[in-house]
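This report refers to the structure that appears directly beneath it.
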Amino acid sequence: MLEGIQAEAKGRFEVEYAEAVRITEQRIWAQDEVKLVDPAVNARLIAEAVEAAKRADVVVMVLGDNEQTSREAWGDDHLGDRASLGLVGQQEDLARAIFDLGKPTVVVLLNGRPLAVTLLAERADALVEGWYLGQETGHGVADVLFGRANPGGKLPVTIARNVGQIPLFYNAKPTARRGYLIDDSTPLYPFGFGLSYTTFEIGAPRVAKAVVGAGETVRIEVDVANTGARAGDEVVQLYLRDEAASVTRPLMELKRFRRVTLALGARTTVAFELTPADLAVWNLEMKRVVEPGVFTVMAGANSAEVKSAQFTVA
């Protein structure tokens, strides 16, 4: 009986495997051509959306990408990259038409890659970055929009203002970013950024010892207070910079982070410890060493808004 079951399972596996091979060979995904909707059709749909929005007190506008317009490009006959980081098609036309109504407007972004959404950042009353959400999208978004849940997420990437800023990342080398003429070189949203329905104040880091040995651990404390109108989460982020090393070092590197939940008006102190491994570099002899010198430690709610202190490795 066991042999019969094994034979049946093997036969079923072979059939399913053969079908998978057939589909792969046909490269159906590669034939998945992306065709934008006729602009005339979009113009009619935008007009209909505007008329509907006129009757609303608050507008929730869902924009972004799907798997067709945000995907890997792995072959000549399977295009996936785009020349722009903006919204695909006429989504910005829709957004402008809705914004021009003067209604309170919340934008929910569903996308598979960071988008340069300067228009939305300037004109939307709130912007929710959803990436690709799952089967509980409706419940999750509703909980956030109606205030039943207080969001506390932080960006794990840097979001650019336009494609000309690429590559853009927080831990660049000191001379890596010089910017462009008549443009802002800063990101639209920095690494680690994220808002909630409350506000927090993060104090300057306090270093336990001003001078430490190369093999010692460095203790750092950071005060954080909920200064807003309700309880919420904050992510205290700790960054480090080696001010002078034998090899070039980034402007800042994220070394530690801690999520804290604070009631209205509450405050706490978050403690971090940096080990010698956190301070070490690969030197010119390709050895992992801790070099003497000054280190700057920075704390904040994201990589662009930090307060700093220094200590010296003797």
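The values are calculated or read from the model by the stated rules, or taken from the named source; none is laboratory data. Just so it is clear, the structure is predicted and the values come from calculations on it, not from any experiment. Note: ideal-geometry Cβ built from the backbone for every residue, glycine included; neighbour counts use all protein chains shown.
Worth pointing out:
- Qualifying residues in the range 85-108 (those that are among the aliphatic types (A, V, I, L, M) and part of a helix (DSSP H, G or I)) - the one farthest from the chain's Cα centre (by Cα): 97
- Among the residues listed as 214, 176, 126, the single one being out of contact with any Phe, Trp or Tyr (no Cβ under 7 Å at 6 or more places or on another chain), at pLDDT 95 or above and over 16 Å from residue 111 (Cβ atoms): 126
- The set of residues in the range 109-149 being under 18 Å from the mean Cα position of the chain (by Cα), part of a loop (DSSP other than H, G, I, E, B) and surrounded by fewer than 18 Cβ atoms within 10 Å (Cβ to Cβ) consists of 112, 113, 130, 131, 132, 133, 134.
- All positions within the range 78-91 that are farther than 17 Å from residue 113 by Cα and surrounded by 16 or more Cβ atoms within 10 Å (Cβ to Cβ): 90
- Pairs where the first residue, in the range 144-169, is without any contact (Cβ under 8 Å) to a residue 40 or more places away in the chain and on the phi < 0 side of the Ramachandran plot and the second is aliphatic (A, V, I, L, M) and buried (at least 18 other Cβ atoms within 10 Å of the Cβ), C-beta under 6 Å, 6+ apart: 168/160
- Selection within the range 236-287: residues that are small (Gly, Ala, Ser) and under 26 Å from the mean Cα position of the chain (by Cα). The member of this set that is nearest to residue 300 (Cα to Cα) is 271.
- Any hit, the range 93-102, residues being surrounded by fewer than 12 Cβ atoms within 10 Å (Cβ to Cβ) and either modelled with pLDDT of 95 or more or farther than 29 Å from residue 129 by Cα (or both): yes
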